[in-house]
Structure formats: C-alpha cells, structure tokens
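Below: the structure, in structure tokens.
The values are calculated or read from the model by the stated rules, or taken from the named source; none is laboratory data. From a predicted model like this one, the values you see are computed outputs, not experimental measurements. Glycine gets a Cβ as well: all are built from the backbone with ideal geometry, and neighbour counts include every protein chain shown.
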Amino acid sequence: MNLLERYSLPLLTKELIEQANNKRTFILRVVYAAVLYGAALWQYSDISNGGEAAGLVNLGKGRAFFQMLVTVQSFAIMFLLPAITCGALTVEKEKDTLALLLLTKLSSWTIVFEKLVSRVLAMGTYQLLSLPLFAIVYGMGGVELSGIIHAVVSLLALTVVVASVSILCSTWFRTTAEAFIMSYVILFVFGCSLAANIEYTRIHTLRMNQNRNYVTPFWQAFTAALSTDTAIAMQAFAFCLVCMLIASRFLFARAFVSPRNILLEIFQRADRFFNDLNTSTTGGIVLVPDRDTLPVFQPITWRETRKKSLGTFRYQFRILMFLLAPLVLVIAAILSEGRNDFTSPFRGFPAFFWFVSVICLTIHSTGVIPAERIRQTLDVLLVSPLTPSDIVLEKLSGVRRLIKILTVPFAVLVVFQAIWTGYVLQGATQTSYRSINFWLELVTASLVPLFYMPIIMWVGFQFGLRLRNQIQAILATFTAVVLACIIPFMIVPFILSLPFGLRYHSEISLFKWISPLQMAFPTTVFGPGYKLFEENTLLAWAVVVVHFTVYGTIWWWLRRNVLLAFSNVVRRMEPDSNNRLSGAKL
Amino acid sequence: MLAVDVQELKVRYGKLEAVKGITLQIPPGEVFGFIGPNGAGKSSTIRVLATLLPDFLGSAKIMDLSVRSQPQLVREQIGYVPDFFGVYEDLTAREYLHFFAAAYRLPMSRRKAVVDDVLQLTDLTGKIDSQVDALSRGMKQRLSLARVLLHDPAVLLLDEPASGLDPRARIEMRELLKALKEMGKTIIISSHILHELAQLCTRIGIIETGKMVAQGSVAEIYQRLGVLKIVHVQVANQTPELIAKLRTIPGVTHVDDQVDRISIRIEEGKLEVEDLHDFIHAEGARIRMFQPEVMDMETAFMKLTEGQTA
C-alpha cells in the first residue's frame, strides 16, 4: 500500500463529490454571493452618498466597508455553517449507513475529521467569494494589509470553531433536527455570554467612572488572546482538537441510540417539576385543567391543541411565563424604585420577545405538515372527506393559539410603555400622551405583533408544505424573515435611487419603513425618515397605514395561496382540478 | 352498477409512464387481487382510486361516481389502507378511531357503538385504551382496517396490507379480510404474498410494466396457464427407450431426464394426466412416483411476467 492509498481520505472524497452533485450547493452559493455583493453595493452607496461622491473622494473610506464585510461574513458563518454541518453524521444515522462506515477500516477519528474538513472546505468556498471585495476595500484605503489578514484569519478560526461545535452535536444527537437546534443553542449561548460580558464591562466602566480603561479580567484575557493572528489560529485549532477528540470518543457510543423526542422530554420534565412545585406550594390547585375528552367536530384541531406538546394550553402558558417573568420583574423594579429618569426602561424586551416568538412560530408552523409526512399519516388524512380548508385551518389551530399567547407579552409591554411615556416620564408637561407621536407609537406597537406573527405562521406553513423536510423549511422561513427585514431597508432604497436620481437620505428613505425591522423597532433602528415624521405627522400616519396595508395584503395573499395550492401540492384530487388536468402532459 | 370501473387509465411521473392504459371492471362484492412486481403500477392505480393522484388520463369510477369530478363523494365510498401503517402514535386506539369518526362526520350518537363494533371485528377490544405506539405491527394494521370500516364504505382499497407482518399476523389479516368479504364489501387488494391472494380473491389481475398481463377468476388464470402443466415421474426401471417414447407422445412438449425424476411438460387439453399414467404403465415401467405439479399463483405470476418494471 503506497502513501497515497494509505492517506486517500475516501470519506472526504465521497462527501465532496456528493456536494458537487447536489444542486442545493450551487443555489446556496449563488444566494450567499447575492447577499454579500448586495450588502457591499448598499454599503458602497452609503459611503459614496448615493453615487454622488465617487472617485477620489472615496479614498480612505474603506474601513466602514471592511467592517461591514467582516460582519456579514461572520453572521453568514454563524447562520449557515451549522445548517450544513449538523447533518454530517446524523444523516448517516438516519439512513442506517453509519454502521457500515464503522465496519470499515476508517477510525472514528478519521470519520469525524473527514466530515469536518468537508464542511469547512464548503464554507471556505463561500468565503472565497469575498476576496474581490477585500481587494476593493484595500484599494479604497483606510485598512492596513495586516488588518485584512487578521480578518481572514479570524473568519477562518470562526469557521473552524462553529463547524467543530456542529460536528460535535452531529455526533452526539440522533436526528439532524436535534443536532441543528442544539448547534444554534450552544452558539447562541456562546454569543450571549460574550455580549453580556461586553455590556457588563461597559456598564461597570461607566459606573466606576474612575478608570475608563477598566475591563473585567475575563474580557482582558479574551481580548489579549485575540490580539494576534497566531493566537487566534492556535486557539481555534485547540478548540477544534478538543471537539474532535470528544466527537471521536463518542461516535461509536452514540451511533445506535434510539431516536428521542427531546422537546417532549423537556416538557415532561418541566411538567413533573411544576407539578411537584404546585403540590408543595398550593396543595395541587389547578386553575385550567387539560380535559381528557374525545374529538367532537374538529378532530384535527382537537389533536393539535390537546395532544401535541407545543399546542397544549399548559405548555403554551409556560412559554408565556418564560416571556413575561423578566418583564414583570423589570416593571416591579422600576415601580418600586420610583424613578422617572429612565427614558427607555424596556430596551431589549421587544427584541427578546421577537426572538422567542419567531423561533417558536417557525418551529411550530414548519413542522405541521412534515410531522404528518414523517408519521406517514398524511395520505390517511387526505382520503377523509375533510375539505382542504378544513385540514389546513385545523392543522394551524395550535399555531394560532400560540400566536394569541405570544401576543400577551407584547400587549403588556405596549400598555406599560404607554403609561410610562404618557404619564410618568412627561406627566408634568401633560403633553406627551396628547402628542401625535405618542399615539403613533402606541398604534404601531399594537399592530406589529398582530400582523407579523400570522404572516410568519403562513410563511412557515408554506415552506413546510413545499420543502422536503422541516430543517429546510425552518431555514427557508428564517431566511425569508431576514430578507423581508433587510430588502426594504437596504436594497430597495439603493435600487430606487439609481434610476430616479433621488437623494438617498431624503424621500427615498421612506421605503425603509416597508421593512418590518424598522416598524418593530422604530426608535432603535433610527432612520432619517424618523425626523420627517416629527415634522410631518400626516406623513407618519400615511406611512403606518401603507405599511400595514401592504402587510395585510401579504397576509391575505399567503393565506389564500396556501388554501388554494394545498391539494395540488399534496396531490389530492379536487373537483376544480379538472381545468388543470386538461393541460396535463401525458 | 360496477363497484369499480377503470377505463384506459394512464399515469405518468415526469418521463416515466407508470400505468399504460389499464382497464378494470369489478362488480360489487368481489375481492380483486392485484399482483405485480415492484414498480409495476399497482400502487399508482390504487392511489388514483383513492383520489390521491390527480394527474391521470382515462376514466375511473367508484360506485358510479367519477374520481375526477366527484372526489369528495368518492371519499365517502372508499376505505384506503396504504402500504404503511398511517397511525398517530401519540393517541390511544380509542382516540385514534374517534378522531377519524369525527373526520368522517359520524353522528355523535352512533360513534361509540361504531367504534366498539369495528374494534370487536378487528379483535382489538382489549387494546382500546392502549397507546397506538405500544401495539404490534399486526395490531396496527388491524387498527388501520378498523379505521376504514368506521364509515362503512362500499369499496376497500388495500395496498399490500400484509407487507412486513409475521406469519401469525398475516393469517389473522387474511381471516379478517374473509370476514369483510362475507359482509359484502368490494375489496381491491395488492400483495406480494401470492398464495394468500389465491385463497382470498375471486378475481386476479396480473400487472407488469404498467400493463395488465392477465385478468380473470383464479380458475380462469389457472386454466389459461394450465397448458404448461408439468408432471414429475419416478420409475424403478428407467431406460433411455422409455424417455425416447415419452417424447413421441402427442401433447408432450418437453421431457427432462433429471437425476431423481423425469419432468414431463404436457399441453392440457391435448393429453390428460391419466392417459400419460396409463401410457407409462403400458410400457412396463414400475411407477414409484407420479406427481402432477400443483399450479400455484407464484408459478402463474412467474410465467406471466418477465420481472420488468415500468
């Protein structure tokens, strides 16, 4: 056996061939390039003031461009890489092919290593797309070559770290869905710990007001560790090595574990915990018992709301408590302190509520039809005399109830924010609650959850209906939400500014208000259009009306589209299929 | 009125033509067995009748109702058991049946009695409060049959109901289908367990590469294939002359001199088995074994098909 045969990496070769044969690889690459170059175009437009300041004037302005590039790439790695990596070993488990791999002469270490490298290489090809942009940045000036090298090394290190976490999850968990969710949870916890540390350092520094350079020991160590390229590379390598060792150690042990419904197990454990707590504190009082009845007229609704973990009232009530508890604590703290110098005491809560709401709604709505497909019960349901509308609307009854539950924290927030702004903060002047902006914000904040959440539900359901599995549907829904937020915010104003020669920072900025992001966070995503609203209240109301008319139409169209297309997608015969069949190519 | 009337049915998946003009007429009360290799077009035909395949050409009717223009009414008349279980494992057997009773809009006043009846028929009364998840494969399949009986459909479409079941469960399933046959249900059943179909079906259709190769009663199929009957003979004093003489008998198409026997292929109708016996005896051969081969469905299937798929 020669050296080449001995180290031929057959699994890596197979993985790369599979990726090359998969249409999805190329679609993703094109989408990635579109997002990256779209963002670059927008940033360039912003730097060059809508194209008015071109040429030599832009020299030395590469830093903002560079920062944007690194940020977009970092988010892409965090968002995309777990999705393409978490299935590396779980797919083998799901297809019962991991046993065949383990029977070969490939060691556990080799299997994990080759799987990891195949994913890192795939992500590397995405990052190569940014090289021309880095060249432009360097050409514009404002960034040192060492800075660019530092960024490239950091991005590669991030890639290796994220891929290692995902491979570890893929080794440990039985299904791709579990590995997918846990990869994001772990990375989210990492990210939050980092953000919390930065925020803590900032607050602590401000409070101390003595030494502005004061930082926590952890942060000090962290920043020191990331100061040189070698240090970054070494740490990423060490982290990767540890993950690989753990993964190869557990690959065999976790290869044949039975599939588990982890969500259900968590809920069941929570059930036992809360029941014990309830028994020990109240003696077992149950305000809203789950009735164990049989279905009467709407069987699917009955199953969705009584038998599914995410649909039952008690579980949804716990989600409500999870969201409300921190808000209630903050409200109680503010009221007890009696301070009125907080201008924005609930900063962060809308983002937290939206984060949880989008995740819960996406997971629930995208899983409605795939769950039937996995259990092979969809056909059985389709041959019953229920109409397509009955099936779709009843299937979504659990999600609709979840929407009602998720609306409660938003309502509490809106009401308390209104009271706070109107009566506490500016009560002395007695002008705030009469001002148009006060009512504008109140109306907007009330309408936002009422419109956006059903839209997310219908988008998730559409993707769950049309795509092969729930993971793809979840990714597609998240992508749709992100695109809906950034397209009106970044790309549309830029595109419109080109042919009409409109000034970017004036009238054209009103298009930003089509973005849900701008409407959900009007004060934090502070656009130039906001000043226009302060001067022209009629325009502000017009923008709000147009926005919700647009999203109301989208909502109606999505609902109509699903109800009309359902039978066609699931291939169920309907009387009105006749027209379509006359054109069937046979 | 025919229970099932299919005329020139064609189904295409992209470039693949799965069903190429099948015609099928099944009177009420018949049990029609659909036999064919994998990919022959059995499941596609059954799915068209179950209103689950809208893209087809030709006509398909159930109880005189057009599958194309009256699918909602057709669904009231059929009970479909797919080639997988199709059961909600998070429910009990009682909840599962009540779920479909509600889906089929059974009046509330009748539901409990109907559920009890179908459970008794399928011998699952003792499992009424068991989680579906905990039932054996055979029980799950019987539960699927209980489900399709809830709304008392005229036609049952069973796509390989015995697939994956152990011998005992298969026998139980066969007995259950016999009971349904006695109740006057029209049943279309596809299966790979060919000899079971022979015991159960009144008519057989053999399908290959999307075409119906043979169709008729079990006796008709046997008769049609009988022209190739084989008789196995063992004689104590076998000679080459005897073999040569056997080859000259009118109606004998082939004589195979094997180690332990002589296999004689005869054309039924031209030569009776009894005449062959008399001829051998007359030649002075001392017959140790004389065994006409019993024509079973598997032999018929193998003879009629070439093992191709659509």
- [ ] Would you check if B:Val19 is within 30 Å of B:Val115 (Cβ to Cβ), among the aliphatic types (A, V, I, L, M) and either more than 10 Å from chain A (Cβ to nearest Cβ) or buried (at least 19 other Cβ atoms within 10 Å of the Cβ) (or both)?
- [x] no
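Look through segment B:63-77, keep the residues that are out of contact with any Leu (no Cβ under 6 Å at 6 or more places or on another chain), outside any loop (DSSP other than H, G, I, E, B) and more than 7 Å from chain A (Cβ to nearest Cβ), and return whichever of them is nearest to A:Ser567 (Cα to Cα).
Step one: filter segment B:63-77 for residues out of contact with any Leu (no Cβ under 6 Å at 6 or more places or on another chain), giving B:63-64, B:66-72, B:75-77.
In the following step, the residues that additionally are outside any loop (DSSP other than H, G, I, E, B) were identified as B:66, B:71-72, B:75-77.
Now drop any that are not more than 7 Å from chain A (Cβ to nearest Cβ), which leaves B:66, B:77.
Working: B:Ser66: 18, B:Gln77: 20 Å.
Among those that are out of contact with any Leu (no Cβ under 6 Å at 6 or more places or on another chain), outside any loop (DSSP other than H, G, I, E, B) and more than 7 Å from chain A (Cβ to nearest Cβ), it is B:Ser66.
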Task: Single match in B:Phe56, B:Phe32 (criterion: away from every other protein chain (no Cβ under 12 Å), crowded, with 21+ Cβ neighbours inside 10 Å and among the aromatic types (Phe, Trp, Tyr)) - done: B:Phe32
- [ ] Collect the residues in segment B:263-284 that are out of contact with any Pro (no Cβ under 6 Å at 6 or more places or on another chain), part of a helix (DSSP H, G or I) and either of a type in the set (Asp, Glu) or within 12 Å of B:Lys229 (Cα to Cα) (or both), keeping them in residue-number order.
- [x] B:Glu274, B:Asp275, B:Asp278
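Take the residues in segment A:543-554 that are out of contact with any Phe, Trp or Tyr (no Cβ under 7 Å at 6 or more places or on another chain), surrounded by 13 or more Cβ atoms within 10 Å (Cβ to Cβ) and over 27 Å from A:Leu386 (Cα atoms), then tell me which one is nearest to the other protein chains (Cβ to nearest Cβ).
We begin by selecting, within segment A:543-554, every residue out of contact with any Phe, Trp or Tyr (no Cβ under 7 Å at 6 or more places or on another chain); these are A:544-546, A:549-550, A:553-554.
Cutting the leftovers down to surrounded by 13 or more Cβ atoms within 10 Å (Cβ to Cβ) gives us A:544, A:546, A:550, A:554.
Adding the requirement that they be over 27 Å from A:Leu386 (Cα atoms) leaves A:544, A:546, A:550.
Numbers: A:Val544: 43, A:Val546: 40, A:Val550: 34 Å.
So, considering only residues that are out of contact with any Phe, Trp or Tyr (no Cβ under 7 Å at 6 or more places or on another chain), surrounded by 13 or more Cβ atoms within 10 Å (Cβ to Cβ) and over 27 Å from A:Leu386 (Cα atoms), the one nearest to the other protein chains (Cβ to nearest Cβ) is A:Val550.
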TODO: Kindly indicate whether B:Ala50 is within 30 Å of B:Ala219 (Cα to Cα), over 17 Å from the mean Cα position of the chain (by Cα), at the interface with chain A (Cβ under 10 Å from one of its Cβ atoms) and at pLDDT 90 or above.
DONE: yes
- [ ] Spot the failing condition for B:Phe84; the list is (1) free of Cβ contacts under 8 Å to residues at least 12 places away in the same chain; (2) more than 7 Å from every other protein chain (Cβ to nearest Cβ), and only one is missed.
- [x] (2)
TODO: Write out, first by first residue and then by second, each pair whose Cβ atoms fall under 9 Å of each other, whose residues are 6+ apart or on separate chains, and whose first residue, in segment A:372-401, is more than 7 Å from every other protein chain (Cβ to nearest Cβ) and within 18 Å of B:Gln70 (Cα to Cα) while the second is at pLDDT 90 or above and assigned to a loop (DSSP other than H, G, I, E, B).
DONE: A:Pro388/A:Arg572
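Look through segment B:228-242, keep the residues that are touching a Ser or Thr at 6+ places or on another chain (Cβ under 9 Å) and either part of a loop (DSSP other than H, G, I, E, B) or touching a residue at least 60 places away in the same chain (Cβ under 8 Å) (or both), and return whichever of them is surrounded by the most Cβ atoms within 10 Å (Cβ to Cβ). Show your work before the answer.
At the first step, the residues of segment B:228-242 found to be touching a Ser or Thr at 6+ places or on another chain (Cβ under 9 Å) are B:228, B:230-233.
Checking the rest, the ones that are also either part of a loop (DSSP other than H, G, I, E, B) or touching a residue at least 60 places away in the same chain (Cβ under 8 Å) (or both) come to B:228, B:230-232.
Details: B:Leu228: 17, B:Ile230: 16, B:Val231: 20, B:His232: 16.
Across segment B:228-242, the extreme among qualifying residues is B:Val231.
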Task: Top-ranked residue of segment A:576-586 - restricted to ones that are within 11 Å of another protein chain (Cβ to nearest Cβ) and in a helix (DSSP H, G or I), ranked as modelled with the highest pLDDT - done: A:Asp576
Task: Breaking point among (1) in a helix (DSSP H, G or I); (2) polar (S, T, N, Q); (3) away from chain A (no Cβ under 12 Å), for B:Asn38 - done: (1)
- [ ] Could you list, in sequence order, all residues of segment B:97-131 that are on the phi < 0 side of the Ramachandran plot and at the interface with chain A (Cβ under 10 Å from one of its Cβ atoms)?
- [x] B:Leu97, B:His98, B:Phe99, B:Phe100, B:Ala101, B:Ala102, B:Ala103, B:Tyr104, B:Met108, B:Arg111, B:Lys112, B:Val115
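If you check A:Thr223, A:Thr282, A:Thr230, which single one turns out to be modelled with pLDDT under 70 and surrounded by fewer than 15 Cβ atoms within 10 Å (Cβ to Cβ)?
A:Thr223
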Open item on the list: Take the conditions at pLDDT below 85, within 20 Å of A:Leu11 (Cα to Cα) and outside the structural domain of A:Ile487 (by TED's automatic domain parsing) and apply them to A:Asp96. Does it pass?
Closed with: yes
Open item on the list: Go through segment A:364-388 and report how many residues are in a helix (DSSP H, G or I) and of a type outside the set (D, E, K, R).
Closed with: 13
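Among the helices (runs of 4 or more DSSP H) lying completely within segment B:100-189, list those that include at least 3 residues that are under 22 Å from B:Asp83 (Cβ atoms). Spell out the reasoning first.
Values: elements: B:108-121, B:137-149, B:167-182.
In segment B:100-189, B:137-149, B:167-182 are the helices (runs of 4 or more DSSP H) which contain 3 or more residues that are under 22 Å from B:Asp83 (Cβ atoms).
Please find, among A:Ser164, A:Ser146, the residue that is part of a helix (DSSP H, G or I), assigned by TED's automatic domain parsing to the domain that holds A:Gly60, at pLDDT below 85 and small (Gly, Ala, Ser).
Numbers: A:Ser164 fails: at pLDDT below 85.
The conditions single out A:Ser146.
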Open item on the list: Looking only at segment A:555-575, count every residue that is within 8 Å of chain B (Cβ to nearest Cβ) and out of contact with any helix residue (DSSP H, G or I) (no Cβ under 7 Å at 6 or more places or on another chain) and tell me the total.
Closed with: 2
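Report, by residue number, each residue of segment B:38-53 that is buried (at least 19 other Cβ atoms within 10 Å of the Cβ) and more than 24 Å from A:Pro385 (Cα to Cα). Walk me through it before giving the result.
First, pick out the residues of segment B:38-53 that are buried (at least 19 other Cβ atoms within 10 Å of the Cβ): B:40-53.
Once the filter is applied, which keeps residues that are buried (at least 19 other Cβ atoms within 10 Å of the Cβ) and more than 24 Å from A:Pro385 (Cα to Cα), segment B:38-53 yields B:Ala40, B:Gly41.
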- [ ] Tell me, yes or no, whether segment A:348-364 has at least one residue that is within 14 Å of chain B (Cβ to nearest Cβ), at pLDDT below 90 and crowded, with 22+ Cβ neighbours inside 10 Å.
- [x] no
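Test of understanding: among B:Ala154, B:Ala134, B:Ala198, which residue is hydrophobic (A, V, I, L, M, F, W, C), in contact with a helix residue (DSSP H, G or I) (Cβ under 6 Å, 6 or more places away or on another chain) and at pLDDT below 90? Give the steps one after another, and end with the answer.
On the way: B:Ala154 fails: at pLDDT below 90; B:Ala134 fails: in contact with a helix residue (DSSP H, G or I) (Cβ under 6 Å, 6 or more places away or on another chain).
Answer to the selection: B:Ala198.
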TODO: Could you tell me whether segment A:329-342 includes any residue that is in contact with a Phe, Trp or Tyr (Cβ under 8 Å, 6 or more places away or on another chain), modelled with pLDDT of 80 or more and surrounded by 16 or more Cβ atoms within 10 Å (Cβ to Cβ)?
DONE: no
